[in-house]
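One structure is given here, and the rest of the page talks about it.
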Amino acid sequence: MTLLKNMFIGIVLLFVVLIVVGFFLPSEFSVQRTVVIEAPAEEVYPHIVDLKQWKNWGVWFARDPQMKVTYSGTTAALGMKSSWQSEQEGSGEMTITALVPNKNVTYSLYFPDFDMGSTGELQLVESQGVTTVTWRDYGDVGSNPINHYFALMMDSMIGPDFEQGLSNLKTIVENQS
């Protein structure tokens, strides 16, 4: 009985320590990946500004072909929105919040199941017909200490998806000519 009591106390103490440590972890996160595409920005931009085109290069669509996606707003314009439902990938919505043609697309991302959101940007920098695309997503998970662990792991959770998505985008753009 003493062993069982000691194990219970140990588990409770471990849980308390994890919660306390969680308060000291950062609540903000930032994930960033970059790819160089052998094409001018004007050939890359249409693939990122039109949210309907993301299904051609975004990894989430390939992982769940049954994903239900709806679009609203003017295509490839400020306010365009995509909403999706997926048992495998989760549900969410993305809205274009700022645009600079051939240079930048900024979006707001929201996951209602977790009541969490973030801001994302795809930045294009062209030099001599070659475009560097930088994809960044950042946000704040709030004051919940458990969510701080998610912030700490965000790069390892979505970074590989960004890498694969950018690789897919590179292949599509470079092979379209």
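Tabulated values for the structure
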quantity	calculated
Scan of the range 120-144 for residues that are crowded, with 17+ Cβ neighbours inside 10 Å, over 18 Å from the mean Cα position of the chain (by Cα) and not polar (S, T, N, Q), ordered by number	126
Unmet requirement for residue 139, which otherwise passes all of (1) within 28 Å of residue 21 (Cα to Cα); (2) in a loop (DSSP other than H, G, I, E, B); (3) not basic (Lys, Arg)	(2)
Which numbered condition residue 155 misses (of (1) surrounded by 13 or more Cβ atoms within 10 Å (Cβ to Cβ); (2) free of Cβ contacts under 8 Å to residues at least 40 places away in the same chain; (3) out of contact with any helix residue (DSSP H, G or I) (no Cβ under 9 Å at 6 or more places or on another chain))	(2)
The range 55-71 - residue that is in a helix (DSSP H, G or I) and free of Cβ contacts under 8 Å to residues at least 60 places away in the same chain and, of those, surrounded by the most Cβ atoms within 10 Å (Cβ to Cβ)	61
Cross-chain or 6+ apart pairs with Cβ under 7 Å, the range 4-15 first and at negative phi, then loosely packed, with under 10 Cβ neighbours inside 10 Å	none
Selection within the range 72-102 - in a loop (DSSP other than H, G, I, E, B) and within 28 Å of residue 157 (Cβ to Cβ)	80, 86, 87, 88, 89, 90, 91
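Laboratory data are not the source of any read-out in this text; all were calculated from the coordinates shown. Note that the coordinates shown come from a computational prediction; the quantities given were computed from them, not determined experimentally. Here Cβ is always computed from backbone atoms with ideal geometry, including for glycine, and neighbour counts include all displayed protein chains.
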